[in-house]
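Working notes, structure below.
The values are calculated or read from the model by the stated rules, or taken from the named source; none is laboratory data. None of these values were measured; they are calculated from a predicted model. When we count neighbours, we look across all protein chains shown, and the Cβ atoms used for this are built from the backbone with ideal geometry, even at glycine. Keep in mind that these areas ignore ligands, DNA and RNA; they rest on the heavy atoms of the full protein, side chains included. Shrake-Rupley method; radii C 1.70, N 1.55, O 1.52, S 1.80 Å.
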Amino acid sequence: MALSADFFDGTEIHPIDVVETLAQAHDWPFERVADDQIAMAVEGQWRSYSLTLDWSEQDETLRLICTFEMDPPGERVGALYDLLNRINDQCWTGAFTWWPDQKLMVWRYGLVLSGGQIAGPEQIDRMLRAALNVSERFYPALQLATWGQESPEAALKVAIAEAYGRA
């Protein structure tokens, strides 16, 4: 059964309610921080990721941030920023940034739903999975550039390529 079958009853659905239902379906631990905010933890292959989604009624935007801890050596911060620029050039949606004060790598994405648009469960699920996939894809490159002393160009070559089609 499609995810939308669980939600469609003709009434407007709050985007955070959809996220909560998806977190339950994926068996991801979550906390409903407020009516307009939810936080969850997802175990990946490389890291544990924290995902937070906020709904802004005023901006009509569903904001997602996916974070993981990262504390690169000071002398490698320049290489990290160089690599982030290269990574972000390959990303069609969202972008990485590093928050040095919090020691967090952050993937950010905002879904604009202006004019009363509604995000369906498939769209929100894809948003969540995209954040996790891009974090998993580029994590090895981030580690190589910061701790492995690789150049940003060399580190980026190890990023797991996105697969298309079927084997």
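What to note about this one:
- If you run the Gaussian network model on the chain, springs between alpha carbon atoms under 10 Å, then out of 25, 41, 119 the most flexible one is 25.
- Exposed loop sites, defined as chymotrypsin sites (Phe, Trp or Tyr not before Pro) outside DSSP H, G, I, E and B with at most 12 other Cβ atoms within 10 Å, are absent from the longest region of the chain, namely 9-91.
- Hydrodynamic radius of the stretch 34-97 by the Kirkwood approach over all distinct alpha-carbon pairs: 14.0 Å.
- Förster radius 30 Å - calculated FRET efficiency between residue 158 and residue 59 (Cβ-Cβ, nearest 0.05): 0.20
- Residues in the stretch 43-90 average 53 Å² of solvent-accessible surface per residue, probe 1.4 Å, ligands and nucleic acids excluded.
- For the chain, fraction of C-alpha pairs farther apart than 25 Å, in %: 36
- Cα-centred dipole magnitude for the stretch 4-144, charges only on beta-carbon of K, R (+1) and D, E (-1), debye, nearest 20: 720
- For the chain, the longest site-free run once GluC sites (Glu not before Pro) in DSSP loop states with at most 16 other Cβ atoms within 10 Å are removed: 61-161
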